[in-house]
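Enquirer: The structure's right below; bear with me while I get my questions together.
The values are calculated or read from the model by the stated rules, or taken from the named source; none is laboratory data. All of these numbers come straight from a predicted model, not from anything done at the bench. Don't worry about glycine lacking a Cβ; one is built from the backbone with ideal geometry, like all the others, and counts go over all protein chains shown. The protein model used for the area step is the full one, side chains on, heavy atoms only, and it has no ligands, DNA or RNA in it. Shrake-Rupley method; radii C 1.70, N 1.55, O 1.52, S 1.80 Å.
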Amino acid sequence: MVLVSVPVAGSGSARASCAAPELAVAGAGTGPAGVARVPAGGSLAVAGRGFVEGCDDTGGATTGPGCGAREPREVERPRRDVALVLVQGSRRWTLGTADAGTASDDRLGRVSWRVEVPAAVRPGPARLVTRDAELRVRVVAPG
């Protein structure tokens, strides 16, 4: 199984040390520059990580004056209804929505979609996008 992942700049709510959300296509062959190959009309497994609101990047702050002062912990909450959209030129197809995992299930911020790529998508470059992440893909003819 091949997993292709490209990080993208995150939302304005993340601090410098917090990871931006990422997308990856599982089981897709890759072409030049590691771009995932996605079959038109075929099924696709997409995984994401870092899909949380908030960023607890203080990691158990120290106490003391100035830079050592205790900062309050920011609660990280899993995102809900994360829409996965395939974009090709001016066309957009919403492939599905999913909720990110929680800390209680040891999957905080992880999300996955099992979707069908519309047969109407033309072979060529396209992008899988969410509100905060983007992954370049190449649509190929079924076969």
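Enquirer: Please verify whether residue 91 is more than 14 Å from the chain's Cα centre (by Cα) and either open to solvent by 70 Å² or more (accessible area, probe 1.4 Å) or modelled with pLDDT of 85 or more (or both), treating the condition exactly as stated. If you could, list the steps in order and put the result at the bottom.
Expert: On the way: more than 14 Å from the chain's Cα centre (by Cα): yes; either open to solvent by 70 Å² or more (accessible area, probe 1.4 Å) or modelled with pLDDT of 85 or more (or both): yes.
When the stated conditions are applied, residue 91 passes them.
Enquirer: A further question follows. Answer yes or no: is there a residue in segment 54-76 that is surrounded by 15 or more Cβ atoms within 10 Å (Cβ to Cβ), at pLDDT 75 or above and not in a loop (DSSP other than H, G, I, E, B).
Expert: No, segment 54-76 has no match at all.
Enquirer: How many of the residues in segment 98-122 are surrounded by 14 or more Cβ atoms within 10 Å (Cβ to Cβ) and either in a loop (DSSP other than H, G, I, E, B) or acidic (Asp, Glu) (or both)?
Expert: Going through segment 98-122, the residues surrounded by 14 or more Cβ atoms within 10 Å (Cβ to Cβ) turn out to be 98, 100-102, 107-113, 115, 117-118, 121.
Then drop every residue that is not either in a loop (DSSP other than H, G, I, E, B) or acidic (Asp, Glu) (or both), which leaves 100, 102, 107, 109-110, 117-118, 121.
The qualifying residues number 8.
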